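As structure tokens, the structure follows; a few thoughts come after it.
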Amino acid sequence: MVTVILHEIDTYAKQWIKEAGERIRESFPKTLNIAAKSNPNDLVTNIDQETEQYFIEKIKGTYPDHKILGEEGYGDRLEKLEGVVWIIDPIDGTMNFIHQQRNFAISIGIYEDGIGKIGIIYDVVHDELYHVLKGHGVFLNDIQLSNLKETSVHESIIALNATWVTENRRLPSDLLAPLVKEARGTRSYGSAALEMVYLASGRIDAYITPRLAPWDFAAGIIMIEELGGVATNLRGGKLDLLNQSSLFVAKPGLHGEILKKYLKNGQW
């Protein structure tokens with residue numbers, strides 16, 4: 001994709017995500033229609049659905065040959081990442097949106113033949129727009145973010161849900177307990193998109209989770225890699241952008257330390 005077209009797509013995507021954010025803010029005083037998806041804690045609202053449909057209308061009306069992979073299922077059914085694909089989470093952190101009306105974000109990753117070109121994450125309530133055009137740096141609104149610096153576990157704040165250090169079906173409950181004890185601190189924000197931009201902006205140092213969908217991390221990993229960070233699954237392997245995957249993103253150096261010492265290079 002030529003640079004001129006990329007800049008045009010980037011401009012449209014930022015405009016649409018801002019407009020979608022305004023629509024979401026306007027919805028705050030209204031009653032939500034809430035439904036459960038795969039389980040009682042996997043929630044979706046009419047605002048999630050309407051926001052995804054809004055993006056589809058804008059994208060298909062402007063770029064009819066582009067494909068869309070969206071959380072709410074209104075986009076295309078994809079088996080390959082061929083051509084230009086928009087990977088969209090209309091509200092990442094729906095439970096926070098419902099309970100708090102904050103700590104959620106809109107996330108858009110734009111890929112060409114499987115390569116991340118544009119990543120945009122919008123913290124709607126705080127009006128913080130994180131964006132990257134591959135090769136041109138990562139920005140928070142108009143401020144360019146610095147490359148990520150190496151750090152150690154003892155100096156790090158790790159984003160990690162408490163679920164993963166208690167008995168669960170995905171990880172040995174004692175696997176990450178030593179990391180929690182030795183890190184400077186842990187946090188859990190309830191939105192993968194926000195946790196990744198907090199890493200990009202230096203507010204945390206790593207984020208670990210054993211289960212995410214592509215729309216949760218598609219935009220964030222473009223930013224983290226642009227800043228010199230590392231994005232893999234929990235075994236250190238390549239991320240799957242079409243299916244659920246574990247996710248481990250961290251500052252350089254720290255990623256290798258945690259993978260080797262605490263995640264044991266996936267030998268579990």
Exactly one of 72, 79, 50 is within 21 Å of residue 12 (Cα to Cα), out of contact with any Gly (no Cβ under 9 Å at 6 or more places or on another chain) and surrounded by fewer than 23 Cβ atoms within 10 Å (Cβ to Cβ), and that one is 50
Of the residues that sit in segment 161-189 and are at pLDDT 95 or above and within 30 Å of residue 131 (Cβ to Cβ), which one is surrounded by the fewest Cβ atoms within 10 Å (Cβ to Cβ)? 185
Can you say whether residue 210 is outside any loop (DSSP other than H, G, I, E, B), more than 12 Å from the chain's Cα centre (by Cα) and exposed (fewer than 15 other Cβ atoms within 10 Å of the Cβ), as far as the supplied structure shows? no
So, in segment 60-74, of the ones that are outside any loop (DSSP other than H, G, I, E, B) and without any contact (Cβ under 8 Å) to a residue 40 or more places away in the chain, which residue ends up farthest from residue 219 (Cα to Cα)? 61
Residues of segment 181-209 satisfying the condition of being in contact with a Leu (Cβ under 7 Å, 6 or more places away or on another chain) and either over 23 Å from residue 107 (Cα atoms) or of a type in the set (Phe, Trp, Tyr) (or both): 186, 207
Against the condition at positive phi and surrounded by 15 or more Cβ atoms within 10 Å (Cβ to Cβ), how does residue 93 come out, does it pass? yes
Filter segment 249-263 for residues that are out of contact with any Gly (no Cβ under 8 Å at 6 or more places or on another chain) and touching a residue at least 24 places away in the same chain (Cβ under 8 Å); the one that is farthest from residue 176 (Cα to Cα) is 253
Within segment 75-172, which strands (runs of 3 or more DSSP E) (wholly inside it) include 2 or more residues that are under 16 Å from the mean Cα position of the chain (by Cα) and not small (Gly, Ala, Ser)? 84-92, 105-112, 115-123, 128-133, 138-140
Would you confirm whether any residue within segment 96-108 is among the basic types (Lys, Arg) and within 29 Å of residue 256 (Cβ to Cβ)? no
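The values are calculated or read from the model by the stated rules, or taken from the named source; none is laboratory data. From a predicted model like this one, the values you see are computed outputs, not experimental measurements. Counting neighbours? That spans all protein chains shown, and the Cβs are built from the backbone with ideal geometry, glycine included.
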